[in-house]
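The values are calculated or read from the model by the stated rules, or taken from the named source; none is laboratory data. Only a predicted model underlies this, so the values are computations on that prediction, with no experimental measurement involved. Here the Cβ positions follow ideal geometry from the backbone for every residue, glycine too, while neighbour counts run over all protein chains shown. For accessibility, only protein heavy atoms count, side chains too; no ligands or nucleic acids. Shrake-Rupley method; radii C 1.70, N 1.55, O 1.52, S 1.80 Å.
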Amino acid sequence: MVHFEPASEEGIASVVRSAAAERVTLAIVGGGTRSGLGNPVRADRTLSTRRLSGIVTHNPAEMTMSALAGTPLAEIEAALAANGQMLSFEPMDHRPIFGTAGEPTIGGVFAANVSGPRRYVAGAARDSLLGVRFVNGRGELIKAGGRVMKNVTGLDLVKLMAGSYGTLGILTEVTFKVLPIPPAAATVVISGLNDAEAAAVMAEAMAQPVEVSGAAHLPESVRGRFIDGALPAGAATVLRLEGVPESVAMRAEKLVAALSRFGPGSQLDAGQTKMLWAEIRNVKPYADGTARPLWRVSVAPSAGHQLVAALRLQAGVDAFYDWQGGLVWLRMEAESEAELVRRYVRALGGGHATLVRADGEAHARIPAFEPQAAAVAQLSERVRASFDPARIFNPGRLAAA
């Protein structure tokens, strides 16, 4: 397959104009580390943004950064860390679960709206995105948004690009807000709870005035795979606290006391906390070198454990919970059970079940994303037609081409 790696916006635009004129389709990639996300792309040629790399501006005082889309995420995070700052939404690294190599790019993060454990309190990647530059399907360079949050010019267009998986345009530059790194962090662990009890504990913790920034439940089936098996015995319900050291210590003590009636409590230090939440973010238990079906299911926090309980009556399932129980990672032992998973999600009030990983046959056969209602699908196609009239970008990624 022909592979393009332009080093400029105009180079990308030129490739796109030629492809549109020839009706040649393009697979759009950054570092290629998230290539398994979504449905298989069936394209004639590949266009990578990897050579479009570099930090354009970083204003620590205003807590904003602009970078070219192909900039490695590691370079972004290192530059931010040097100034005591971070990406608040903790983007997941998909390499462990897919077994891919290469370097994730900042453009790929926003194109796939990749978010981690702090998502339910700090927002998704798209909520940090302030401005974009991109090339549309006509080969035109479009700019939307700005470098400060109060500038809402083109804001809806900015949000539309986040999570579009390269089907509307090729991101060339992104501008985003950042936050200070909390000076201290700790994790409260409540041990020995079943899934339903853990859901109640996480809800109780979120109701306390202690500012929990991470809430997850790690059943006994996965507990030993985190932080080298150092979590206390029994299923672990983990609650992260961040801030100045004195505040974190006081809030942790208060939280342990408030939850003591549910089960024994303990604490992890800052180093263990950092390691644990990185492993939760990257779904470490299921980064097992296999292609066993892996689902990412978003439901109401009170429904997550009900979904898993219902599925276990009919299929082999392993699971753990993030986002206070509202994000369920399901690893199926055999078949993907797509109809079963999505039927139960609908029965429990609705949500989104995304097939993140499967073997080649299942990946080609089963829609990765929750099927859209007919009216929504028609609207999505109209939007796509306005950005990419020749349908040359990532055909098939979000739905059948």
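For the stretch 10-58, how many residues meet the condition of being in contact with a Lys or Arg (Cβ under 7 Å, 6 or more places away or on another chain), in a helix (DSSP H, G or I) and open to solvent by 30 Å² or more (accessible area, probe 1.4 Å)?
0
Residues ALA186, ALA205, ALA235: which one is surrounded by 21 or more Cβ atoms within 10 Å (Cβ to Cβ), more than 22 Å from the chain's Cα centre (by Cα) and farther than 30 Å from LEU311 by Cα? Explain how you work it out, then say what you get.
Working: ALA205 fails: farther than 30 Å from LEU311 by Cα; ALA235 fails: farther than 30 Å from LEU311 by Cα.
On inspection, the qualifying residue turns out to be ALA186.
Collect the residues in the stretch 86-100 that are surrounded by fewer than 21 Cβ atoms within 10 Å (Cβ to Cβ) and either touching a Leu at 6+ places or on another chain (Cβ under 6 Å) or among the hydrophobic types (A, V, I, L, M, F, W, C) (or both), keeping them in residue-number order.
If the condition is that a residue be surrounded by fewer than 21 Cβ atoms within 10 Å (Cβ to Cβ) and either touching a Leu at 6+ places or on another chain (Cβ under 6 Å) or among the hydrophobic types (A, V, I, L, M, F, W, C) (or both), then MET86, PHE98 are the ones that fit.
Take the residues in the stretch 344-370 that are surrounded by fewer than 13 Cβ atoms within 10 Å (Cβ to Cβ) and under 17 Å from ALA309 (Cα atoms); name whichever of them is farthest from the chain's Cα centre (by Cα).
It comes out as ALA347.
Between PHE176, PHE226, which is assigned by the TED database to the domain that holds ALA78, touching a residue at least 12 places away in the same chain (Cβ under 8 Å) and of a type outside the set (Lys, Arg)?
PHE176
GLY271 - would you say it is part of a helix (DSSP H, G or I), of a type in the set (Gly, Ala, Ser), open to solvent by 10 Å² or more (accessible area, probe 1.4 Å) and farther than 22 Å from ASN39 by Cα? Quick ask: steps written out before the conclusion?
Values: part of a helix (DSSP H, G or I): yes; of a type in the set (Gly, Ala, Ser): yes; open to solvent by 10 Å² or more (accessible area, probe 1.4 Å): yes; farther than 22 Å from ASN39 by Cα: yes.
In short, yes.
Does ALA61 count as free of Cβ contacts under 8 Å to residues at least 12 places away in the same chain and either open to solvent by 20 Å² or more (accessible area, probe 1.4 Å) or not assigned by the TED database to the domain that holds LEU355 (or both)? Give the steps one after another, and end with the answer.
Working: free of Cβ contacts under 8 Å to residues at least 12 places away in the same chain: yes; either open to solvent by 20 Å² or more (accessible area, probe 1.4 Å) or not assigned by the TED database to the domain that holds LEU355 (or both): yes.
Yes, satisfied.
I'd like the full set of residues that are over 23 Å from LEU327 (Cα atoms) and of a type in the set (Ser, Thr, Tyr), limited to the stretch 352-380.
Here is the first cut: in the stretch 352-380, the ones over 23 Å from LEU327 (Cα atoms) are 360-361, 364-365, 374-380.
Within the stretch 352-380, just SER380 meets the criteria.
Hey, among ALA199, ALA205, ALA230, ALA235, which residue is aliphatic (A, V, I, L, M) and under 16 Å from ALA278 (Cα atoms)?
On the way: ALA199 fails: under 16 Å from ALA278 (Cα atoms); ALA205 fails: under 16 Å from ALA278 (Cα atoms); ALA235 fails: under 16 Å from ALA278 (Cα atoms).
Answer to the check: ALA230.
Every residue in the stretch 8-40 that is more than 27 Å from the chain's Cα centre (by Cα) and farther than 18 Å from ILE142 by Cβ, please. Before the answer, list the steps.
First pass over the stretch 8-40, keeping only residues more than 27 Å from the chain's Cα centre (by Cα): 8, 10-11, 13-24.
Selection gives SER18, ALA21, GLU22, ARG23, VAL24.
Consider the stretch 286-305. How many of its residues are outside any loop (DSSP other than H, G, I, E, B) and either hydroxyl-bearing (Ser, Thr, Tyr) or surrounded by fewer than 22 Cβ atoms within 10 Å (Cβ to Cβ) (or both)?
Residues of the stretch 286-305 outside any loop (DSSP other than H, G, I, E, B): 286, 294-298, 304-305.
Narrowing the set further to residues that are either hydroxyl-bearing (Ser, Thr, Tyr) or surrounded by fewer than 22 Cβ atoms within 10 Å (Cβ to Cβ) (or both) leaves 286, 296, 298.
The total comes to 3.
Against the definition (surrounded by fewer than 17 Cβ atoms within 10 Å (Cβ to Cβ) and not in a strand (DSSP E or B)), how does GLU279 come out, yes or no?
Working: surrounded by fewer than 17 Cβ atoms within 10 Å (Cβ to Cβ): no; not in a strand (DSSP E or B): yes.
In short, no.
Residues being within 21 Å of VAL328 (Cα to Cα), among the small types (Gly, Ala, Ser) and in a helix (DSSP H, G or I): count how many of those fall in the stretch 104-124. First the steps, then the outcome.
The initial filter retains those residues of the stretch 104-124 that are within 21 Å of VAL328 (Cα to Cα), namely 109, 112-124.
Within this subset, residues satisfying the condition of being among the small types (Gly, Ala, Ser) are 112, 115-116, 122-124.
Still in the running and in a helix (DSSP H, G or I): 122.
Result for the stretch 104-124: 1.
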